[in-house]
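The values are calculated or read from the model by the stated rules, or taken from the named source; none is laboratory data. Quantities reported herein were computed from a predicted structural model and do not represent experimental measurements. No Cβ is skipped: glycine too gets one built from the backbone with ideal geometry, and neighbour counts run over all protein chains shown. Protein only, heavy atoms only, side chains kept; ligands, DNA and RNA dropped before computing areas. Shrake-Rupley method; radii C 1.70, N 1.55, O 1.52, S 1.80 Å.
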Amino acid sequence: MKTVINVLLLVTLLVGCSGRDASPIPRNIVIMIGDGMGLGQITAGRTAKGSLELEQFTHIGLLLTQAYGDDYITDSAAAATAISTGVATFNGMIGMGPDSLPRTTILERAKALGKKTGIVTVCSITHATPASFVAHTPSREMELEIARQISQAGVDLCLGSGWGWFMPKSAGGRREDGRNLLEEMRRRGYVVVTTDSTFRTLTDLPAVNIMGLFAENHVGKAHERKPTLAELTRYALETLSLAEGGFVLMVEGSQIDWASHDNRSDEIVDEMVDFDGAVGEVVRFAQKHSETLIIVTSDHETAGYTLLNGSVSGKWVQGGFATHYHTGVMVPLFALGPGAERFTGIRPNTDVGAILMEMLK
Ligand SMILES: [Zn+2]
């Protein structure tokens, strides 16, 4: 009997070691995208805040961001599609390869595996970055179609804004097809909330299958937003973690990019500190749920934002800008949790999607 057990043990060990990659597989994956977030934005945020939650991450890498077709400067759609599907595509495309065929996203793969899925953002959920995790359209401008696809995608939790894209013109929305996609979702069992006060009534009663859209189109800047990105993220983690099989959640700090486009150093700092607050929520969750992998990265750097002067003790920076648009420099990636070691080194951004897809096999 003892020999049999020993042989079984040996077989188990051999099988365990013979895999191409013995890296652990996370149960939960949280991918956090600071839109437009480069090292300038991160350093500015750190100077203002004193230290960042990001500093707790154990593994750091760099991502090349170039889009398909030798397009040196990516947009958010191509970059988010690379991260969500592992496929390089043309600028402007959402969840599609350069052949205009849909590609499976990590959220779709997770759902097929029986995991819960979620999206948290502080812009319209139909905007390029969140859309690329759920929808498939040849153009990021097709927000009415993106809304229709999101409403039918079966994502368990969507928290962001942009209810206008889901509602008919007769109800103050933007749809000319007369459909009320939020009402359709409500009938399929979703809890739909559009105000901060209603959202707060839910916090004692976490609802899986929630659609929370807190503005007709985009929500305001960091200090105006209610609920905050950190609150939305905490709620998402509490809700999604109720399920047994784990979850995949995408969290976006959407407006680091917009502050950079506007060349507003003070707003970059606000948005960066705000995003880092959400990172802290996820890190604290992962400390209690060690089977959680967290990836924090960016789709591209915006504005060639750099720091010309500053004071650590005074907590201020003097920013400088090279452009109002995106740049082609590499962006950092921070990883923490099971499998984090797979994301180090210099890699194309498609590797993020490809590795996550492998983890979701
Ligand atoms: Zn972007």
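A few notes on this one:
- For R234, solvent-accessible area (1.4 Å; no DNA, RNA or ligand), Å²: 100 Å²
- In this structure, the amide hydrogen of V122, modeled 1.01 Å from its nitrogen in the peptide plane, lies closer than 5 angstrom to those of E252, S254, counting only residues at least 5 positions away or on a different chain.
- Using the Karplus relation 6.51 cos²θ - 1.76 cosθ + 1.60 with θ = phi - 60°, the per-residue 3J(HN,Hα) values for region 269-278 come to 4, 4, 5, 5, 5, 4, 4, 5, x, 5 Hz, with x marking Gly and Pro.
- Placing +1 on the Cβ of every Lys and Arg and -1 on the Cβ of every Asp and Glu, with nothing else charged, gives the chain a dipole about its Cα centre of roughly 1060 debye.
- Counted without the sites themselves, the longest stretch of the chain free of GluC sites (Glu not before Pro) in a DSSP loop having at most 10 other beta carbon atoms within 10 Å is 1-175.
- Dividing the summed helix terms, -39500 (n - 2.57) for each DSSP H run of n ≥ 4, by the number of residues in the chain produces a 222 nm estimate of -10500 deg cm²/dmol to the nearest 500.
- GNM top mover of F166, F321, F214 - the chain, alpha-carbon springs below 10 Å: F321
- Here's the picture: charge each Lys and Arg Cβ at +1 and each Asp and Glu Cβ at -1 in the chain, and of L202, S254, A171 the one pushed furthest to the positive end of that dipole is L202.
- Surface composition of the chain: carbon and sulfur atoms hold 56% of the protein heavy-atom accessible area at a 1.4 Å probe.
- Gain in span if fully extended, E141 to N217, counting 0.36 nm per residue against the direct Cα distance: 26.0 nm
- Relative contact order (%) - region 51-359, alpha-carbon pairs under 8 angstrom, separation at least six: 26 percent
- Full extension of the chain between E55 and T344 yields a length gain of 102.5 nm, computed as 0.36 nm times the residue separation minus the alpha carbon distance.
- Computed label-point distance, nm, for sites D70 and L202 using a 7 Å Cα→Cβ extension: 4.8 nm
- List K288, K221, K115, K315, ordered by accessible area with a 1.4 Å probe, largest first: K288, K315, K221, K115
- Karplus-derived HN-Hα couplings along region 185-193 (A = 6.51, B = -1.76, C = 1.60, θ = phi - 60°), whole Hz, x at Gly and Pro: 5, 4, 5, 8, x, 7, 8, 10, 10
- Within region 51-359, antiparallel bridges make up roughly 45 percent of the DSSP beta bridges whose residues both belong there.
- In this structure region 51-359 gives 37 Å² per residue of accessible area when probed at 1.4 Å with all protein chains present.
- Residue list for region 25-65, given a label point 7 angstrom along the Cα-to-Cβ vector of S313 and an amide N cut-off under 18 Å: 47-51
- Under 30 Å, Cα to Cα: Lys pairs in the chain, sequence gap 8 or more or different chains: 20
- Protein-only accessible surface order, largest first, of D270, D351 at 1.4 Å: D270, D351
- Solvent exposure ordering (accessible area, 1.4 Å, most first) of T195, T302: T195, T302
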